[in-house]
Amino acid sequence: MSVIYLVLPLALLIVGAAVYAFVWSARSGQMDDLDTPAVRMLHDDDPTAGPRPPR
Amino acid sequence: MATDTLRFAAPASAAAVDVACAHCGLPVPAGLVEDGAERQFCCSGCHTAYGILHAHGLDRYYDLPERRDAPVQASGRRYEEFDHPAFAELYVRTAPDGLARTELYLEGVHCASCVWLVERVPLLLPGVARAELDVRRSLAVVDWDRAALPLSRVAQLLDQLGYPPHPYRGVTRDAMRRREDRAMLVRIGVAGAIAINVMLAALALYSGELGGMEGEFARFFRWTSLGLTAPALLWPGRVFFTGAWAALRTRALHMDLPIAIALAAGFARGAINTVRDSGPVYFDGLAVLVFALLVGRFLQQRGQRAAADSAELLHALTPMTARVVEGGAARELPAQALLPGMVLDVRAGESFAADGTVLEGASSVNAALLTGESRPARVAAGARVYAGTLNVEAPLRVRVDEAGETSRLSRILRQVEESAQRRAPIVLTANRLAGIFVAMVLVAAALTWWLKAHVAPDRAVDDAIALLIVTCPCALALATPLAITVAVGRAARRGLLVKGGDALEALARPGTLVLDKTGTVTEGRTALVDWVGPDWVRPLVLSLEAGSSHPLADGFRRAWPDLPVLPVVDAHHVAGGGLEGIVDGRHVRVGSPRFVREGGATVEDAVAAALASMDPALTPVHVAVDGRVVAGAALGDKVRDDARAALDALRARGWRTVMLSGDAPEVVASVGRALAFAPADAIGAATPEGKLAFVEARLREGRADRRRGHVVMVGDGVNDAAAIAAATVGIGVHGGAEACLATADVYLARPGLGALVELETGARRTLRVIRRNIAFSIAYNLVGAGLAMAGLLTPLVAAILMPASSLTVVLGSWLGHTFARERPAAP
């Protein structure tokens, strides 16, 4: 059971990474518009398209 | 007008079949069907849009599942002011890669496939690097190379596709709001992550209490919980402490106060117990408390955001510059610099920058901005024109009468802004209770502690803290915003777009309902209402009217889509009178009674009597064949089929109904009779300013009556916008002017007044769900507080009960029956 001393801090590190990723995505504006990407996803890409325009 | 300006359909031997427009899918009127053409279109707007898509190989648009089902109504403006330096200063920024960036508000974005169009088509123009659409807010961000392409070209393209663009002025306020929203989101996310992990540790501890756990591991878990909860209080939870501090300083009772006390006391107690290694700790309850409260606050904030964007949009509707003629030369001046007496040169496709009188030229003006009517009105020398309206056909010279702040549009907009700000926020019941609740909880906690301190000092603090935790107002805080959020979401699926929860609360109780006439209670189009005459005359009339672009012709075409169109010879249109030509070998004259009479037609008494009996409120059209008047039609704006039933249903629920229209009083009175309005409640000849005054007067009268004093205004034009902003709840109707929809609290995306009845029903049910939630919260709090005071509640159990109560409220809101869950059946 003393493995808990290793496992729990490890789990917390992973949580920390996840929280960091979330905070980064929120602060860089990726969560601003949650409706349009859902709609955009339904559109097919052009079959013969060249490089896509920068987003 | 010359004959060649009219298009006449090729003769068809059989009745025209039901043909659908290749772009928007709506039926094509028989007179516009072109035999032999591969694709048919219902209007030139759709034809143009199809041409653009086809030319660029974007036909895949027509395979998209959800397409806009309205014809393309391009405004036809040239948007030259978008290239003006003054525009650039206000609305254009520099994007990171050196390109220019601007945000445009697009009209007509109401469907998912609009994203596809708006994000793809502008990229086809050389120089446009990026076009992104936020479908919920109708805002498009465009990055483009100014050296390669003027912005006006992009704007024209968007217009041709059916999305007239406007500059978006709310950029700075938006940036602030975005920062707030992001900060809130971060807080919720962090609080949630911490709460989940603390609960895991707590789970281990609870199992340990049941099955036994070695002391060192229990200690480890307690210290871990402490270490996780501390940042939860310091980072996401800090808002409660700052709020409580502010409440103390201003001596106002705010919900943050007991929360902050509970958090601080609970944490202190838990920390002490962790160090002493004995006694209960309830960090999980604290962490969950922080998370649940932040979520509730977030929902509340989103629900109550006022539509301040509306005023920004309206300001973008007037052009920024104007061409002033002085001594033969024309120069450009900003619109604010215009003075009365100046002479403006307004070309076709431009908007008027000020109110004025036409000096030279004859053209037609689209006053949809002010009246909501898309039918252009003819103007010639001496006619008055208004700022913001569009000059459609030919260049005009206009003398400025009122400019800038004194123009009619500016005055209406100012009234809209003032009304929007003056509106007192409707205090939700939960907030009203909050102050009382806070006081009671604090008193109860203090009482518990003081009483217990003498009897059992060790229990005193625990019981007081248990009380503070269990009576957490999170159930109250969540109950109302949750129910409203769910109801608003469901209403949106039904085509009833509600902007704020307070609109639902006002709609739930009957008050005064003020309706516009044209386009709201009536269909807003010219339709054939009455026909007197033999059937054989109909094809003759239809053939003559088939190619005319006059709105009355539209009424005939829509009334008789299946009748055959016969060959017509020598047809011509007499301005202000009617049409004349040879149809199927007979000489036919169709037009106003005076026009037909002047042609020398004779009338039999029987026929004359029949014609005279038609409703005088409608537009009469007489038909003479071979010199004899044989038939007549009455055309007008038809009342909607479901209007009477809807109004009666609302009246039965206690609403007082009033119709307020800018149309002629006789017409309004006639419609009022048909819809069972009391004669005093069908008011005609109302100007936009008059409508606003009426609504304000009703509001003043109703202020004494809290339950029934509110005013709901339903309209569709900018001439309704000020009244809509002033009313307690403003409702914009399907097909209305964009400016009006922006100021309304509710937008009915479905045509017909049945949507209004459904809205009112849903609002009442939502209020019922809210009351149920609040009642449950109160009951739960009373029971919980009682148990805590009696010493039957440990803080541990309190911390379990509290999220359980929140969950119950959430479930209650979710399962509550407010609006129907399915999408409405296609008409």
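The residues in the range B:36-62 that are outside any helix (DSSP H, G or I) and hydroxyl-bearing (Ser, Thr, Tyr) can be counted, and the count is 0.
Scanning the range B:512-545 for residues that are of a type in the set (Phe, Trp, Tyr) and in a loop (DSSP other than H, G, I, E, B) gives a single hit, B:Trp536. Listed by position, the strands (runs of 3 or more DSSP E) contained in the range B:620-728 that have at least 2 residues being over 25 Å from the mean Cα position of the chain (by Cα) and surrounded by fewer than 24 Cβ atoms within 10 Å (Cβ to Cβ) are B:628-639. Residues that are crowded, with 20+ Cβ neighbours inside 10 Å and of a type in the set (Asp, Glu) were ranked within the range B:81-104; the one that is nearest to B:Val392 (Cα to Cα) is B:Glu81.
Please tell me if B:Met802 is at pLDDT 80 or above and of a type outside the set (Lys, Arg).
Taking the combined requirement at face value, the residue does not satisfy it.
When the range B:586-619 is limited to residues that are part of a strand (DSSP E or B) and not aliphatic (A, V, I, L, M), the one that is nearest to B:Pro665 (Cα to Cα) turns out to be B:Thr619. Do we find that A:Val7 is in a helix (DSSP H, G or I), aliphatic (A, V, I, L, M) and modelled with pLDDT under 90 in this structure? When the stated conditions are applied, A:Val7 does not pass them.
Restricting attention to the range A:30-53 and to residues that are more than 7 Å from chain B (Cβ to nearest Cβ) and within 26 Å of B:Arg178 (Cα to Cα), the residue that is modelled with the highest pLDDT turns out to be A:Gln30. Among the residues making up the range B:254-272, a single one is farther than 21 Å from B:Leu442 by Cα and without any contact (Cβ under 8 Å) to a residue 40 or more places away in the chain: B:Ile272. I need a count of the residues in the range B:87-109 that are outside any loop (DSSP other than H, G, I, E, B) and either in contact with a helix residue (DSSP H, G or I) (Cβ under 9 Å, 6 or more places away or on another chain) or closer than 17 Å to B:Asp145 by Cβ (or both). Qualifying residue count for the region: 13. The listed residues are B:Gly489, B:Gly533, B:Gly547, and the only one of them that is at pLDDT below 80, among the small types (Gly, Ala, Ser) and under 30 Å from B:Ala643 (Cα atoms) turns out to be B:Gly489. Any residue that is at pLDDT 75 or above and crowded, with 17+ Cβ neighbours inside 10 Å - is there at least one of those in the range B:295-307? Yes, the conditions are met somewhere in the range B:295-307. Of the residues making up the range A:3-19, those that are at the interface with chain B (Cβ under 7 Å from one of its Cβ atoms) and either in contact with a strand residue (DSSP E or B) (Cβ under 9 Å, 6 or more places away or on another chain) or of a type in the set (Val, Ile, Thr) (or both) are A:Ile4, A:Val15, A:Val19. Here B:Ser207 meets each of (1) crowded, with 18+ Cβ neighbours inside 10 Å; (2) polar (S, T, N, Q); (3) away from every other protein chain (no Cβ under 12 Å) with one exception, condition (1). Checking each residue in the range B:107-155 for being surrounded by fewer than 23 Cβ atoms within 10 Å (Cβ to Cβ), away from chain A (no Cβ under 12 Å) and among the hydrophobic types (A, V, I, L, M, F, W, C) picks out B:Ala147, B:Ala148, B:Leu149.
Could you list, in sequence order, all residues of the range B:216-243 that are away from chain A (no Cβ under 12 Å), buried (at least 21 other Cβ atoms within 10 Å of the Cβ), in a helix (DSSP H, G or I) and under 41 Å from the mean Cα position of the chain (by Cα)? Listed by number, the residues that qualify are B:Leu233, B:Phe240.
The values are calculated or read from the model by the stated rules, or taken from the named source; none is laboratory data. None of these values were measured; they are calculated from a predicted model. Cβ coordinates were reconstructed from backbone atoms using ideal geometry, including for glycine residues, and neighbour counts include every protein chain displayed.
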